[in-house]
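Please treat every number below as a calculation from the coordinates, not as lab data. Just so it is clear, the structure is predicted and the values come from calculations on it, not from any experiment. So basically every Cβ, Gly included, is an ideal-geometry build from the backbone, and we count neighbours across all protein chains shown.
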Amino acid sequence: MSGARRTAEQGAALVRRYEASGMSQAAFAEREGVSVNTIRYWLRKRRDTSEEAVRFVEVVGETAPAQTACVVSVGGAEVRFYELPPPEYVAALAGELRGAG
């Protein structure tokens with residue numbers, strides 16, 4: 001079909017055959033009797049079409065509230081926790097801080 005115009009379906013079929021062949025563009029073009037530019041045209045056309053199908057949508061979320069710290073102060077030392085630790089850990093830490101002061 002050298003020199004003839006192809007329909008979109010024929011171009012898509014050419015691209016599918018090319019991709020399935022595992023051949024270089026030049027070797028495939030020679031086997032099919034088309035120019036390398038024809039293969040590149042249909043590859044580009046498919047790429048451009050598929051890019052149009054990808055659309056980005058803006059997602060707007062609420063801003064996260066400022067993190068609140070749990071502050072443990074013992075004898076002038078201050079420790080901030082942004083996630084609550086187990087009460088046993090806080091008690092042990094407070095005991096160590098008292099002993100260190």
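Every pair of different Cα atoms in the range 8-53 enters the Kirkwood calculation, which places the hydrodynamic radius at 10.6 Å. Taken along the Cα-to-beta-carbon direction at a fixed 7 Å, the label points for residue 23 and residue 89 span 6.5 nm. Relative protection proxy for 30-43, 81-94, 5-18, from highest mean packing down: 30-43, 5-18, 81-94 (other beta-carbon atoms within 10 angstrom).
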